[in-house]
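Peer 1: Quick one: the structure is below, and I'll ask about it shortly.
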Amino acid sequence: MTRPLEDGSEQPLAAVHDVALLDLDGVLYVGPDAVPGAPEAVAAAAAAGLRPAYVTNNAARTPETVAEHLRALGVPADATDVVTSAQAAEMADDVAAVVQGFAPEVGWRLLAEGTYAVAAGLPWIASNLDATVPTAKGTAPGNGALVGLVADAAGRRPDAVAGKPETPLHRESVERTGAERPIVVGDRLDTDIEGANRAGTPSLLVLTGVCRPADLLRAAAELRPTYLAADLRTGLLDPHPAVRSVDGGWQCGQATVRVDGTDVTVDGATEDGTGRTDALRALCVAWWAAEAAEADDEAVRSAVAAAGW
Ligand SMILES: [Mg+2]
């Protein structure tokens, strides 16, 4: 297993891996709209040999509906390229079980029926435990919140969780795609990246979704990505320079970052996108090495600002 951000990759990831297990929200689209440049990046990566697969914790939409949405945005996708946590949750052979996934129509009566069943001891599988779900109007309660309601009423927790960061959805995705050198691509540390780390699969975090640079500085070891990029295009199609220890600091590309306590100095970083990304990569490794994860909000904010973010 490569060290988070440190080892880098001299070759673009599109040339190293055979299948990209792509998260959807925050990576390819935000709400109904494409992330700028993402459809072109997927197409260019596919041309370079990296087959896209689309992996979502969202159990509310069928693979065909998801594929239609992606195609409408210009992302090449068939229903067979889409793996949802609902598919990964269909694992209860011949046993009556409760499979709880999110849909906007889920109401009190259905939650009550589910509660009676799990309280009676039926196997209970949750598609995911996402506390929130992004909607066009803002953040709304997700499947994890509804699972919590049933858990409180029934006095027990689900027997299994299919979605990220648990492993069934990842396993299902690798099996369905036949991936030999997969890479997980996502925008959330606590689902995409933690799930990849649990499975021992390399991961790329993109900053087009929910994760902000400050979240990266605070990330515990199990939440740290193998690679980091501002967006999908640079993440898949550009090399990832290694982060090296140099005389009291950490260097990535032209940027050298030194962390003393929580004081950060950044030298040599260019102000273009590449320079900022390299500075952030070096800052993350330096910050983690300094074990400054417990620093207060102000220290984290100024560290991130010093790196140009
Ligand atoms: Mg996402």
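We did not get these values from a lab; they are worked out from the coordinates using the rules stated. Fair warning: this is a prediction, and the values are worked out from it, not measured in the lab. Neighbour counts run over all protein chains shown; Cβ positions are idealised from the backbone, glycine included.
Peer 1: To the nearest 10 degrees, how steeply does helix 108-119 sit against the main Cα axis of the chain, on a 0 to 90 scale?
Peer 2: 90
Peer 1: Find how many whole Å separate the alpha carbon centroid of segment 288-305 from the alpha carbon centroid of segment 240-287.
Peer 2: Each part's Cα centre sits 14 Å from the other's.
Peer 1: Under 8 Å for C-alpha pairs, at least 6 residues apart: give me the relative contact order for segment 244-306, rounded to a whole percent.
Peer 2: For segment 244-306, the relative contact order is 32 percent.
Peer 1: Round to the nearest 10 and give me the degree value, 0 to 90, for the angle of helix 297-306's Cα axis relative to the longest principal axis of the chain.
Peer 2: Between helix and principal axis, roughly 50 degrees.
Peer 1: Quick check: the angle from helix 143-154's long axis to the longest principal axis of the chain, C-alpha only, nearest 10 degrees?
Peer 2: Rounded to the nearest ten degrees, it is 50.
Peer 1: Moving on. Compute the separation of the alpha-carbon centres of segment 106-164 and segment 189-221 and state it in Å as a whole number.
Peer 2: 24
Peer 1: Based on the Cβ-Cβ distance from ALA220 to THR139, what FRET efficiency comes out when R0 is 30 Å, to the nearest 0.05?
Peer 2: Efficiency computed from Cβ-Cβ geometry: 0.85.
Peer 1: Would you work out if segment 244-306 is rounded, prolate or oblate? Take a ≥ b ≥ c from the square roots of the eigenvalues of the alpha-carbon gyration tensor; rounded if a/c is under 1.5, else prolate when a/b is larger than b/c, oblate otherwise.
Peer 2: Since a/c reaches 1.5 but b/c is at least a/b, the shape of segment 244-306 is classed as oblate.
Peer 1: When the chain is treated as a GNM, springs tying every alpha-carbon pair under 10 Å, which of PRO123, PRO182, PRO52 comes out with the largest mean-square fluctuation?
Peer 2: Ranking PRO123, PRO182, PRO52 by mean-square fluctuation puts PRO123 first.
Peer 1: Further question on the same structure: So what's the projected area for the chain, the Cα convex hull averaged over all directions, in nm²?
Peer 2: Across all orientations, the chain yields a mean hull projection of 16.4 nm².
Peer 1: For TYR54, list long-range residues whose amide hydrogen, built 1.01 Å from N in the peptide plane, is under 5 Å from its own amide hydrogen.
Peer 2: It is LEU22, VAL82, VAL83, by chain and number.
Peer 1: If you average the sequence gap of Cα pairs under 8 Å that are 6 or more apart and divide by the length of segment 1-103, what percent do you get for the contact order?
Peer 2: With pairs under 8 Å counted, the relative contact order is 25 percent.
Peer 1: Here's another thing I want to ask about it. With the crude spin-label approximation of a point 7 Å out along Cα→Cβ, what separation in nm comes out for GLU10 versus ARG156?
Peer 2: Distance between the two pseudo-spin positions: 5.5 nm.
Peer 1: When Lys and Arg each count +1 and Asp and Glu each count -1, what net charge do the other residues less than 15 Å away from ASP238, Cβ to Cβ, add up to?
Peer 2: -2
Peer 1: I need the phi-derived Karplus couplings for segment 18-34: 6.51 cos²θ - 1.76 cosθ + 1.60, θ = phi - 60°, integer Hz, Gly and Pro marked x.
Peer 2: Along segment 18-34, the couplings run 9, 9, 9, 8, 8, 5, 9, 5, x, 10, 9, 9, 10, x, x, 9, 5 Hz.
Peer 1: For the modelled label position 7 Å from the Cα of LEU110 along Cα-to-Cβ, which residues of segment 149-180 have backbone nitrogen atoms closer than 17 Å?
Peer 2: Residues 149-151 qualify, since their backbone N sits under 17 Å from the label point.
Peer 1: Follow-up question, since we're still on this one. Give me D for segment 88-161 in µm² s⁻¹, whole number, from Stokes-Einstein with Rh from the Kirkwood sum over alpha-carbon pairs, 37 °C and 0.692 mPa s.
Peer 2: My calculation gives 261 µm²/s for D.
Peer 1: What relative contact order, as a whole-number percentage, does the chain give when Cα pairs under 8 Å and 6 or more residues apart are counted?
Peer 2: Result for the chain is 20 percent.
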